[in-house]
1. Considering 30, 54, 46, 24, which residue is without any contact (Cβ under 8 Å) to a residue 40 or more places away in the chain and crowded, with 16+ Cβ neighbours inside 10 Å?
2. Check off (1) farther than 26 Å from residue 100 by Cβ; (2) in contact with a Lys or Arg (Cβ under 7 Å, 6 or more places away or on another chain) for residue 193 and give me the number that stays unchecked.
3. Tell me which of these residue 84 doesn't satisfy, since it passes every other one: (1) touching a strand residue (DSSP E or B) at 6+ places or on another chain (Cβ under 7 Å); (2) within 17 Å of residue 54 (Cα to Cα); (3) among the hydroxyl-bearing types (Ser, Thr, Tyr).
4. Hey, could you check segment 63-93 for residues that are surrounded by fewer than 16 Cβ atoms within 10 Å (Cβ to Cβ) and either in contact with a Ser or Thr (Cβ under 7 Å, 6 or more places away or on another chain) or among the hydrophobic types (A, V, I, L, M, F, W, C) (or both) and say which is farthest from residue 111 (Cα to Cα)?
5. If only one of 164, 142, 138, 160 is among the acidic types (Asp, Glu), in contact with a Lys or Arg (Cβ under 7 Å, 6 or more places away or on another chain) and either crowded, with 20+ Cβ neighbours inside 10 Å or within 14 Å of residue 15 (Cα to Cα) (or both), which one is it?
6. For segment 130-172, enumerate the residues that are closer than 28 Å to residue 59 by Cβ and among the polar types (S, T, N, Q).
7. In segment 100-117, what residues are in contact with a helix residue (DSSP H, G or I) (Cβ under 7 Å, 6 or more places away or on another chain) and outside any loop (DSSP other than H, G, I, E, B)?
8. In segment 180-207, which residue that is in a loop (DSSP other than H, G, I, E, B) and more than 16 Å from the chain's Cα centre (by Cα) is nearest to residue 39 (Cα to Cα)?
Amino acid sequence: MEDKIKHGTTTVGLVCKDGIILAADRRATAGHLIANKKTEKVQQIADYMAITTAGLVSDAQLFTRVIRAQLALLKIRKNGREPTVEEAANLLSSMSYTNIRRPSMVPGIVGFLLGGHDKKGHHLYEIGVDGSAEKADDYRADGSGSVFALGVLEALYVPDMTLDEGVKVAVRAISAALQRDIYTGNGIDVVAITASGVNKVFSKEVNAVLKA
């Protein structure tokens, strides 16, 4: 079963002075097969929020659709006021908690990094596969290549870095995983979440094809 399930990734999130940086690679694998080279692993879920996904692609896609709908419904219930990042984290962690404990032939294993901006500022949360939710005041990494990304983040991250500096560190972190983790590859996408909204600030394809 594992050889037929698409998974594997490296995602990172950084808390910067003016916002949140989220980044991820583009490779989806099924066992040792590269199943997709253009997987979008950074997804916008609200006007001022985005998530990264790491784990089973089917669960990640379902969770993304559901959390978007839940946040839209919550905004209506709040008379048009934007949901807070904490509310989004609690919703997503509750969904993960329920999902991992539901008996299934295919365990729903997926983790998220959630970044967003609200009236209290900008925030980064890590949602574990077990439904745990932890707020980060610096950085987080998830996925099969996270151990390599964390080494770069430990060395290069500094508090109150600018968004431009955060983008460079995020790219370096994903690049380190690209070099060492076989389940990470094919490209890098970086998104910035600020008071202006969610914006893709870096996107690069990594082509391993050699031309004669």
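The values are calculated or read from the model by the stated rules, or taken from the named source; none is laboratory data. As the structure is a computational prediction, the values presented were derived from the model and not from experiment. We place every Cβ from the backbone using ideal geometry, glycine too, and count neighbours over all the protein chains shown.
1. Matching residue, one of 30, 54, 46, 24: 30.
2. For residue 193, the exception is condition (2).
3. In the conditions (1) touching a strand residue (DSSP E or B) at 6+ places or on another chain (Cβ under 7 Å); (2) within 17 Å of residue 54 (Cα to Cα); (3) among the hydroxyl-bearing types (Ser, Thr, Tyr), residue 84 misses (2) alone.
4. My answer is 76.
5. Only one candidate passes the filter, namely 160.
6. Those that are closer than 28 Å to residue 59 by Cβ and among the polar types (S, T, N, Q): 132, 144, 146.
7. Matches in segment 100-117: 110, 112, 114, 116.
8. Applying the filter and picking the extreme gives 186.
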